[in-house]
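Worksheet: one structure, shown below.
The values are calculated or read from the model by the stated rules, or taken from the named source; none is laboratory data. Since the model is a prediction, treat every value here as computed from it, not as a measurement. For neighbour counting, all protein chains shown are included, and Cβ atoms are generated from backbone atoms with ideal geometry for every residue, glycine included. Just so you know, the surface numbers come from the protein's heavy atoms only, side chains and all, with ligands and any DNA or RNA stripped out. Shrake-Rupley method; radii C 1.70, N 1.55, O 1.52, S 1.80 Å.
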Amino acid sequence: MNSAARRIGRTLALVLPVVLVLSGTLAVTRVPWASTATDSQVLTASSGTASTKASPSAPADVLRKRLLVELQEMNPGVALTHLQEATTKRPSLAKACASIARDLGRAAVAKYGAAHRAQAFSRPVCDTSFATGVAAAQ
């Protein structure tokens, strides 16, 4: 009787983990997220019925709009000077500095109609991104 119990115990010890692994693998393949169907539902992090209000514009967006208005009212040199002052005053704006300067370059070409006239206002603000914007607008 003792040897029969050992034999059954050894058999279960070998077979049971295999059965559990296979049943777990089969269970995971049956969940909806493993489906290859094209009509599967995708959940997103945001919802159209969010209960929170929209956050105000980012400081970089506010600065961009203000500088584009200054460029139209005055000249690109004034806008670039104010961009440099703003990034010196608030280092958190440095990430957006290059894109703002490129936008100013494009707007300067649109205002003056010629790249060489807009390029005359170029300054080494934000790694000469203004010049890159002027060149891209050509």
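Key figures
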quantity	calculated
Residues satisfying the stated conditions in the stretch 66-99, i.e. exposed (fewer than 13 other Cβ atoms within 10 Å of the Cβ) and under 21 Å from the mean Cα position of the chain (by Cα)	P91, S92, K95
Test for V109: is it surrounded by fewer than 20 Cβ atoms within 10 Å (Cβ to Cβ) and hydrophobic (A, V, I, L, M, F, W, C)	no
Condition broken by V125, with the remaining ones in (1) part of a helix (DSSP H, G or I); (2) of a type in the set (A, V, I, L, M); (3) at pLDDT below 90 satisfied	(1)
Residue that is most open to solvent (accessible area, probe 1.4 Å) [pool: residues in the stretch 112-130 that are of a type in the set (A, V, I, L, M, F, W, C) and within 20 Å of A60 (Cβ to Cβ)]	C126
